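Input: a single structure, listed below in structure tokens.
The values are calculated or read from the model by the stated rules, or taken from the named source; none is laboratory data. It should be emphasised that the depicted structure is a prediction, and the values quoted were computed from it without experimental measurement. Here Cβ is always computed from backbone atoms with ideal geometry, including for glycine, and neighbour counts include all displayed protein chains.
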């Protein structure tokens, strides 16, 4: 996959967002994005993703989606906060252009959570309408959920709620402490604290027949639920940002670090490791080598 961060401009300011005010001025122009798509095609990548910031506020997004399909990408993914999908004519434009995978950042499962995290409770209503518009047109919709201090206890309810509305896959992400929120240490909760709620959410998915995955968490921290781990090494992802281009597996923002205790683990060759900012802020006391 080629994952293009089109820029950092956005139509909201979520409380966990790492993007600073200064970063919001950095955006790729259409020519640079087209060049990135062409490079990905030459690299043999078969999927393209558009993210940000908020890609749906870009007027050229439908045109670039269409270009991606013209270049031979079989999957064209858009990662969004979902607000623009409340407009059915906009959803139609993206589908007609060839977008076929929609990842939505979900703040929780009710208006109060959206008000606290995203700034206004009516955003929940817009996202709910957007999900309905996508689902009614047969689009594949995935829910991305940030696990942090005020969301992890709601993970089971979040999966239950949005699955009922038609979302067919969920991915849990650890809160990232970089840039704008690098000092928000209270938001990054140890996995051992969140684990009972993660496990309950996994069981909700099992009962409903819906995949629920966790990224950035190593095997030893999720005993009995390894099938829910999303190992980023299995994805060949080339990330393009306004500042640089890099392979995701080599990035500081992904889980690719091991500690001394990992050397005694029998599955160390199969484990992706831990994210560096997690180790820096939580430590390695949860790491327990598997024997």
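Screening region 138-183 for residues that are touching a helix residue (DSSP H, G or I) at 6+ places or on another chain (Cβ under 6 Å), assigned to a loop (DSSP other than H, G, I, E, B) and modelled with pLDDT of 95 or more and picking the one that is farthest from residue 83 (Cα to Cα) gives 149.
Residues are listed down the side, and each one gets a yes or a no for (1) part of a helix (DSSP H, G or I); (2) within 18 Å of the chain's Cα centre (by Cα):
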{"residue": "102", "(1), (2)": "no, yes"}
{"residue": "108", "(1), (2)": "no, yes"}
{"residue": "120", "(1), (2)": "no, no"}
{"residue": "125", "(1), (2)": "yes, no"}
{"residue": "135", "(1), (2)": "yes, no"}
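Do any residues in region 100-111 that are over 17 Å from residue 146 (Cβ atoms) have Cβ atoms under 7 Å from those of residues that are surrounded by fewer than 18 Cβ atoms within 10 Å (Cβ to Cβ) and at pLDDT 95 or above, where the two are at least six apart or on different chains, and which pairs are they? Within 7 Å, the pairs are 100/75; 100/140; 101/75; 101/140; 102/140; 111/121.
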